[in-house]
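The values are calculated or read from the model by the stated rules, or taken from the named source; none is laboratory data. It should be emphasised that the depicted structure is a prediction, and the values quoted were computed from it without experimental measurement. Cβ placement follows ideal geometry from the backbone for every residue including glycine, while neighbour counts extend to all protein chains displayed.
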Amino acid sequence: MTMLVVEVEKKLGEFSVNALFASEAGATVLFGPSGAGKTSIINMIAGLLNPDRGKIVLDGDVLFDTDKRIEMPVWQRRVGYVFQEGRLFPHLSIKHNLTYGRWMGGYPDDPAAFVHAVELLDIGHLLDRRPGKLSGGERQRVAVGRALLMKPRLLLLDEPLASLDAGRKDDILPYLERLRDEAKVPMIYVSHDPAEVKRIATRVVRLEAGQVVATGGPELLGV
């Protein structure tokens, strides 16, 4: 079943994005070199950047359509976003960082979902700490948990391991694999690291210079 359809055009200075792809359940990885347009595409899905032309449809709901003049606000899209650097609030405990998104969104408490996310990401021992006391990998796991607790229909992860060294990447990759397999929330995952993509991807969308040049399985990596 097709979960996400993206058909967008966007001019950014001298650079243009022209992308067409569909995604299903699991982890769809937008793969390509830096500057290929990967982050611009997920920003358009999230509603942080508007296409010049095109449409974005999630679970049958139109998020954006220039022909129909539809532009769903960010807060209505129910899309979770995990940035490269986590973006946790340094003055809040990890527990309050995790629940902040639900509180801001006006969602009621869900103790069972909280326990599930904490166990899935193995962050129970961190709940009373502040972000400054965490490693980079731990901060990213908390950022994933915060996005997951907003009960998104889709998770967007923008190179969440880019700032980590090889050892920290190896520490967090199993949690991302569990997220893909157990959380049942489809993911759009941005990366330029072939080894990382092979671990995470159920589908690959390969990008070069703002264009989709191929779609398929991890075999597209050619490694």
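Within region 38-63, the residues that satisfy the criterion of being modelled with pLDDT of 95 or more and of a type in the set (Gly, Ala, Ser) are SER40, ALA46, GLY47, GLY54.
One line per residue, one yes/no per condition, for (1) within 18 Å of the chain's Cα centre (by Cα); (2) surrounded by 22 or more Cβ atoms within 10 Å (Cβ to Cβ); (3) of a type outside the set (A, V, I, L, M, F, W, C):
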position: LEU30; (1), (2), (3): yes, yes, no
position: SER34; (1), (2), (3): yes, no, yes
position: ILE41; (1), (2), (3): yes, yes, no
position: ALA46; (1), (2), (3): yes, no, no
position: PRO51; (1), (2), (3): no, yes, yes
position: ASP65; (1), (2), (3): no, no, yes
position: ARG69; (1), (2), (3): no, no, yes
position: MET72; (1), (2), (3): no, no, no
position: ARG77; (1), (2), (3): yes, no, yes
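Annotation note: of ARG199, ARG180, ARG168, the sole residue that is among the basic types (Lys, Arg), assigned to a helix (DSSP H, G or I), more than 18 Å from ALA36 (Cα to Cα) and touching a strand residue (DSSP E or B) at 6+ places or on another chain (Cβ under 9 Å) is ARG180. Could you give every pair whose Cβ atoms fall below 6 Å, whose first residue belongs to region 121-133 and is without any contact (Cβ under 8 Å) to a residue 60 or more places away in the chain, and whose second residue is surrounded by fewer than 16 Cβ atoms within 10 Å (Cβ to Cβ), counting only separations of at least 6 or pairs across chains? From residues that are without any contact (Cβ under 8 Å) to a residue 60 or more places away in the chain, the pairs are ASP128/SER93; PRO131/PRO90; GLY132/PRO90.
Pairs meeting the criteria (first residue in region 135-151 and on the phi > 0 side of the Ramachandran plot, second residue surrounded by fewer than 23 Cβ atoms within 10 Å (Cβ to Cβ) and not in a helix (DSSP H, G or I), beta carbons under 9 Å, at least 6 apart or on different chains) are LYS151/ARG78; LYS151/TYR107; LYS151/ASP110; LYS151/VAL185.
Among the residues of region 52-71, how many are part of a loop (DSSP other than H, G, I, E, B), of a type outside the set (Ser, Thr, Tyr) and more than 22 Å from ALA25 (Cα to Cα)? Before you say what the answer is, go through the steps one by one.
Filtering region 52-71 for residues part of a loop (DSSP other than H, G, I, E, B) gives 52, 59-60, 66-69.
Add one more test, that the residue is of a type outside the set (Ser, Thr, Tyr), and what stays is 52, 59-60, 67-69.
Checking the rest, the ones that are also more than 22 Å from ALA25 (Cα to Cα) come to 52, 67-69.
Qualifying residue count, region 52-71: 4.
What are the residues in region 93-121 that are at pLDDT below 90 and acidic (Asp, Glu), if any? Of everything in region 93-121, those that are at pLDDT below 90 and acidic (Asp, Glu) turn out to be ASP109, ASP110. Within region 161-192, the residues that satisfy the criterion of being crowded, with 16+ Cβ neighbours inside 10 Å and either over 16 Å from the mean Cα position of the chain (by Cα) or aromatic (Phe, Trp, Tyr) (or both) are LEU164, ARG168, LYS169, ASP171, TYR175, TYR189. Scanning region 39-94 for residues that are within 24 Å of GLN211 (Cα to Cα), in contact with a Ser or Thr (Cβ under 9 Å, 6 or more places away or on another chain) and among the small types (Gly, Ala, Ser) yields a count of 1.
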